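Reviewing the structure listed below.
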Amino acid sequence: MQENGIPSIEQIAERLSVSQRYLSDTLKKETGKTSTEHLQLFLIDEAKNILMEPNKTVSEVAYELGFEYPPYFSRLFKKREGISPTEYREKYRMN
């Protein structure tokens, strides 16, 4: 994922051998969430796991997940989780 950036909904649909429209419509109908929301939730869940590694900076986590701009990753994380990636790390990391 990191070499190609964040996958697009179009790329995901292609890998699933369905149209982008079908994927989006089906996800919205079945879950109430858009395909973009699902992708963001997946990335945030992955970020939570990686943030538990103390040797990686928030920027490194963002780049590893395919974000080109770490500040965008941090804003998205805070929007979804209510706290920044740094605050999450401090709150949940095992000492």
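Restricting the search to region 28-40, which residues are modelled with pLDDT under 90 and out of contact with any Leu (no Cβ under 9 Å at 6 or more places or on another chain)?
Once the filter is applied, which keeps residues that are modelled with pLDDT under 90 and out of contact with any Leu (no Cβ under 9 Å at 6 or more places or on another chain), region 28-40 yields Thr36, Leu39.
Restricting region 29-58 to residues that are small (Gly, Ala, Ser) and touching a residue at least 12 places away in the same chain (Cβ under 8 Å), which is nearest to Val18 (Cα to Cα)?
Ser35
Got at least one residue in region 77-93 being of a type in the set (A, V, I, L, M) and modelled with pLDDT under 95?
No, the conditions are met nowhere in region 77-93.
Say whether the condition of being of a type in the set (Lys, Arg) and at pLDDT below 90 is met by at least one residue in region 54-76.
No, region 54-76 contains no residue that is of a type in the set (Lys, Arg) and at pLDDT below 90.
Take the residues of region 38-70 that are aromatic (Phe, Trp, Tyr) and either farther than 17 Å from Thr86 by Cβ or surrounded by fewer than 13 Cβ atoms within 10 Å (Cβ to Cβ) (or both): which is farthest from the chain's Cα centre (by Cα)?
Tyr69
State which residue is farthest from the chain's Cα centre (by Cα) when the search covers only region 71-95 and only residues that are part of a helix (DSSP H, G or I) and loosely packed, with under 11 Cβ neighbours inside 10 Å.
Filtering first and then ranking leaves Lys91.
The values are calculated or read from the model by the stated rules, or taken from the named source; none is laboratory data. A quick note: this is a predicted structure, and the numbers were derived from the prediction, not measured. Neighbour counts are summed over all protein chains in view; Cβ atoms, including those assigned to glycine, are modelled from backbone coordinates with ideal geometry.
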